[in-house]
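One structure is given below, encoded as structure tokens.
Only the coordinates and a few stated rules stand behind these numbers; no lab work does. Not measured: the values here are computed from a predicted model. We place every Cβ from the backbone using ideal geometry, glycine too, and count neighbours over all the protein chains shown.
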Amino acid sequence: MKKKASRAWKRPLAGLLTLAMVVCLLSSAPLSASASEIVEEPEVEVATDVPNPEGDAEGAEEANLAQEVKPVDETMMPSGENTSKVEEIPDGMNTTNELDDSKKSENENVSDGMNTQEGNPVTPEGEGGAQLGTENPTLEKPDESEETPEAAADAEEITEEEKAEALDAVNGIDFYTEGSSDDIELPEDVHWEKSKSKTATELDENFESQVTLSLPASDEQLVSDVVFVLDKSTSTDLREQAQELLKQLNAQVEKTQAKVKVGVVVFNKEANRVLELTELDKENLDTILTAINYTQSDGTNTHAGLLAGKAMLDSDSSVKANRKYLIFISDGITYMYGEHATAVAMENGEPVTSGAGTFGGPENWNSKYGSGTYIPEDWRSWLSSIKQQIEADGGKYEYSYGEEYSEYIPWSERTEHATSVDKALYLTYEAYMGAVHAGYHCYAMTAETPSAASNPWGPSFIKALGGGQDIDFTDIQNEIYYLLGTGSFVADYMGYVENDYNFDFVNEASALSMTVGETTYEAVPLGENQYGFAPNGSENGYDYILEYEENDRLANEHFVWTMNVPVSEFEPVSLTYSVWLVNPKAAPGTYGQYDEDGSEGYPGLYTNSKAILGAIDSNGDLVSSQEEFAKPTVSYTVEEPTEPVDPDPGEPEDSVKIDKTATELDAQDQTKVTLSVGADQETIESNVVFVLDKSTSTNVRAEAGKMLEALLAQAEKGNVINVAVVAFEKSATVVQEWTVLNSENITVIKDAINNKKNESGTNIYLGLTVGKELLDAKKGGDNHLVLVTDGITYLWGGENDSDAYSIYTEQIDNGCEAIQAGNDMMPFHHGDLENYYAEFDNIAQWYADHGGQIAEDIETYQHVYQEGQYNADEKYQQENSTYVNAGFYQENNDYIPGEIADEHFGANDAAVYKAVTVWKEILEAGYHAYAYADTTSANAGNAASFPWGSKFIGSLDTLGGSSKVISDNEIEGMFNDVKNTILYEIMSGTVTDVIGNNFDLASVGNFELTAGGEILAPTIFGNTVYFGTQTGNEYSYSVTYYPNGTNGDSREQFVWDINVPVESAKPLELTYTLKLVNKETAEGSYTVPTNEDATLTYESTDGGNGSEKFPKPEVTYTVTAGGTETPTTPSDPGSGSGGSSDSGSGSSSGSSSSPTQTTSAQTGDETNILLPVVTLIIAAAVLGTAGTVYYKKKRG
């Protein structure tokens, strides 16, 4: 039964259509000879007494392995000699043979087929091939007009019925058995992708991008090359069909901007480049058609013809490979090879019984295989065996056509070596596949000749090259003209990665457009979610239809674009639509990288997760290999907010609560200013959820209990602390709901912390998810999540008692194939483990580098987790194993096949990715997050075997939050950063407050400090005031006044040192008095800031350092007629929050006066002039004593 081979040779439209479009951008290639130059082939000597191995007149010419066509002077031909004149060459065609003619001479000698048995020359009788036996025989070409007696005899041996049976065998042969000879590739194994592209614009201010699908690709140059490689035996009918194809193609070219160039190679024993690549247009059409008719005689060298055809295509670097076409026509009856005709010498009969000749020719096939009508059952296997024979022989028996040889294949060894026919066929296959692998569209067509019936192996071989199909010029013309057939479609899925980003299709007609050639069509709504383009008046109504399927508006949101007409290579089609990023990030930063056409392969922020082309070929068949478009990526940047953003922005979770206020000016022009660290004195409520892996060691759990005891002591002083506990393995359980930490409940909470689950599997993702859900219920509080795990994970999902997921990978190197998901999957996916593990030292970079592909692998391969390893249904089958009995189907992507495992990410990578995604969400929610990798002795074995686990957890701080790797000697105090963050605002700090130009400090002695509302007693020494408890030489707090500045800054200022932690429940307030000393004299209302700058630098609760700016309060006063001043309420600067450098509400006058010495003339009060003088005298007298007031001299 005939096996129907796939039409892989067809290059579905993608390349051939291109041909037509080709006609656009290349200048025509010059002809090898000018149009006016006529070259005439010289006449050749012929002979009529040469044996015919093929059994017919044409075979006589092909049998002469050693014959050489010798150009001779016509005047020197002997009288009465039979002569055959080669057809005149048309104008504009190149008749130069590709081979080197330097070896030819007038008296050329050949030694083909020489039989040297015992030194006695033998002249074979009745045998085909060159007659050998003289020392230097000269073989001459037979007269094609006569049939030799031997040829006639051979022809009579095969009846018409036998001929028909032989030719039928060509159609019934199984050209290549699936699975045979893996080292031999035939055209059906090769898939040519359609020319296509996808581009996207950058996101606009509305987070929208315009996406364009183009067929063929938008950057495609509509220029194509077509080269015909014609056997001399090509029939007139086939030549006429080729000419008709060119005429049709030319008609299409004239209607478009495309450009096509055509070249012609005609081969006999050598290749003749008859026509170099020439532009197809009305001026050159006749020259090209004439070249198709060019004929030759003398031998058949298919290998040389294909080499010349490919070389012609190779030479045009301006045309893309997918727009190059090679059309090869031959009967396949070949026995020479190489650019310079070469053959293999073989004894063609038993010397003792028949006196056989030694030559190479078609008869070699019969000699080796016992019949001229023998056809291999499997060409793939046959080629594989011939390849081995060629490699074994090397060049031992081959020689240049027309030259002497020293060795030949003995008759008795004929089946053990590659004959001339064998090697010519194999090298023809190699040359053809060379063109295929260069990306050229190749077509092998059978030329029906009289010799085909007696040598059906030739046509059978050509049919094998053609993919086992009968190829005609109608097929080729369709594929050149059409990229896609009617019914082709594109299924395009919108970009989506769970917990990361989501693009939606903009389902509006105004957002859609289509261009066909030079014409643009708007979308016409045809119903809900359906649009038509290019109305045609037919039953379908439109040439193109788009149907949108919303589904969940997540991973399954897509549209299908259907083509109700063929897509031409001559008229490109493009569809433009819009997508919208529905969930852009809020945090400042740059997200994604822009790649307009997907050529860079950047991960993440794909406008579309995939777009699949379902191509219909010119026969109406769906091409088996679906193709995906490239995936463009976009980017966007969220800028840091410009301050002030909001008069009352509120407090970010991680900022230090600070504030600064000022009272209105009193009658003495004084204001009281208050600096607050911890801001208000409200009751603090903190919420702490522990998320504990089953692997958490006993000692670590005990340390968590100690931290709770430390928190309890503070809770009893006023802090409200709520604690919850989540334990996770495969699932996650809330083992302790929110419970207030107090002396009655602490034991219950500790018991929950010590509660260990006992399931298989580790699902960090789910543990974090459940912990976050608990904090979400406490939104607005001081929220903290504490994760403790060894980091080794391979599961995700499982929310609300649903199934957990993983990725299964096939292990094909363990002797018994199996699929598994577990702790140790990374070695199956990553070759260089040491370097890959090192990437986990910076999980933020790892996530950025690999997140996009991992998300794709999760979408493709994730499977419900089923505990255990599943062995193959068929043992020891390696790549062919199946796992159907366990419910895993490769066609459903239920697992990653072992042979492609290194191209994908596995269970461990995916689980880490999912856990990191939730970690990021926790941080984005404003919660404090702490992660501890438990590598203590209880987990030391796993930490050594799977180092990526602790590396991943230990580097979560590269994304934000706090993370550490904990060993045995680091257990004590490991949770101090959690405790300190809950209990304290800061661990220590310094406030530098630069006083405004219009004010002076009233007195060092009026600094007051309260902690949690309790007034602390001052101790004054010089310009420094101390507060709180003295430890050694250091007090808890100190304030030092610098009237003339410090540390190179000459501005009046003071420095407040905070040397002990600031408790969250006991905020600090430092109050001092400023006096307005520089006042305006003109009538009006004036607003001035109390200070130029105030900054808090501090050590944070996690050991880091930070800096925050206090707001700048302002006060307002009014100058009226007669010098009366009316103080007004100071403007509210707003509540302070970390990072506000110039925050504070209230308007400023916009003008500033240089400080001047206050005078009675300025104030209208003559007595006031004495006050500064008296004060300065007193200050000088008591300089250095406690309580002395200092004034800064103002420059006038």
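Residue by residue through segment 199-216, what is 3J(HN,Hα) from phi via Karplus (6.51 cos²θ - 1.76 cosθ + 1.60, θ = phi - 60°)? Round to whole Hz and write x for glycine and proline.
Per residue, the Karplus-derived 3J(HN,Hα) values read 10, 9, 7, 5, 5, 8, 5, 9, 6, 10, 9, 8, 10, 10, 9, 10, 9, x Hz.
Evaluate the distance, in nm, between pseudo-label points positioned 7 Å from the Cα of A940 and of D314 along their respective Cα→Cβ axes.
The two pseudo-label positions are separated by 6.4 nm.
For segment 900-943 and segment 1032-1056, what is the separation of their Cα centres, given in Å?
First find each Cα centre; the distance between them is then 47 Å.
Using the count of nearby Cβ atoms within 10 Å as a rough guide to exposure, how do D841, D659 rank from fewest to most?
D841, D659
7 Å from Cα along Cα→Cβ at both E664 and T990: what's the point-to-point distance in nm?
Modelled inter-label distance: 3.8 nm.
May I ask for the distance between the Cα centers of segment 362-429 and segment 1095-1122, given as a whole number of Å?
Spelled out, the Cα-based centre of one part sits 96 Å from the other.
Which FRET efficiency value, to the nearest 0.05, do you get for V740 and E600 by plugging their Cβ-Cβ distance into 1/(1 + (r/R0)^6) with R0 = 45 Å?
0.25
Where does the Debye-calculated log10 I(q)/I(0) of segment 685-984 sit at q = 0.14, 0.15 Å⁻¹, using only Cα point scatterers of equal weight, no solvent?
-0.99, -1.10
Which of P525, G485, V497 sits farthest toward the positive end of the charge dipole of segment 460-553, with +1 on the Cβ of Lys and Arg and -1 on the Cβ of Asp and Glu?
G485
Given charges of +1 on the Cβ of Lys and Arg and -1 on the Cβ of Asp and Glu, with all other atoms neutral, how large is the dipole of segment 685-984 about its Cα centre, in debye to the nearest 20?
Magnitude of the dipole: close to 1440 debye.
Quick one: if you stick a label point 7 Å off each Cα along the C-beta vector at F207 and D849, how many nm between them?
2.9 nm
Tell me which residues come under 5 Å, amide H to amide H, from G797 once H is placed; ignore anything under 5 positions away on its chain.
The list, which skips near neighbours in sequence, is L766, Y805.
Sorted by mean Cβ packing within 10 Å, highest first, what order do the peptides 411-417, 383-389 take?
The densest-packed peptide leads the list: 383-389, 411-417.
What's the FRET efficiency of T1120 with A1017 using the Cβ-Cβ distance as r and R₀ = 45 Å, to the nearest 0.05?
Efficiency for this residue pair is about 0.55.
What length, rounded to one decimal in nm, is gained on full extension from N1059 through to D470, with 0.36 nm per residue of separation minus their alpha-carbon distance?
202.8 nm
Multiplying the sequence separation of T747 and S538 by 0.36 nm and subtracting their Cα-Cα distance, what value in nm do you get?
Full-extension gain reported as 67.2 nm.
Going by how many other Cβ atoms sit within 10 Å of their own, how do I753, I462 line up, fewest first?
I753, I462
Once phi is turned into ³J(HN,Hα) by the Karplus curve 6.51 cos²θ - 1.76 cosθ + 1.60 with θ = phi - 60°, what whole-Hz value does each residue of segment 934-948 show in order, with x for glycine and proline?
7, 10, 5, 3, 5, 10, 4, x, 5, 4, 6, 6, 10, x, 4
Where both partners of a DSSP beta bridge lie in segment 685-984, what percent of those bridges are antiparallel, to the nearest 5?
Around 35 percent of the beta bridges assigned by DSSP in segment 685-984 are antiparallel ones.
Just how large is the dipole of segment 879-1036 about the Cα centre, in debye to the nearest 20, putting +1 at every Lys and Arg Cβ and -1 at every Asp and Glu Cβ?
380 debye
Can you give me the Cα centroid spacing of segment 744-783 and segment 547-611 in angstrom?
Between the Cα centres of segment 744-783 and segment 547-611 lies a distance of 40 Å.
Find how much the distance from E1092 to K396 grows on full extension, using 0.36 nm per residue of separation minus their present alpha carbon separation; answer in nm with one decimal.
Residue separation times 0.36 nm, minus the Cα-Cα distance, leaves 240.8 nm.
To make sure I understand, if each residue's beta carbon is the centre and we count other beta carbons within 10 Å, what order do S743, S962 fall in, fewest to most?
Fewest-to-most ranking of S743, S962: S743, S962.
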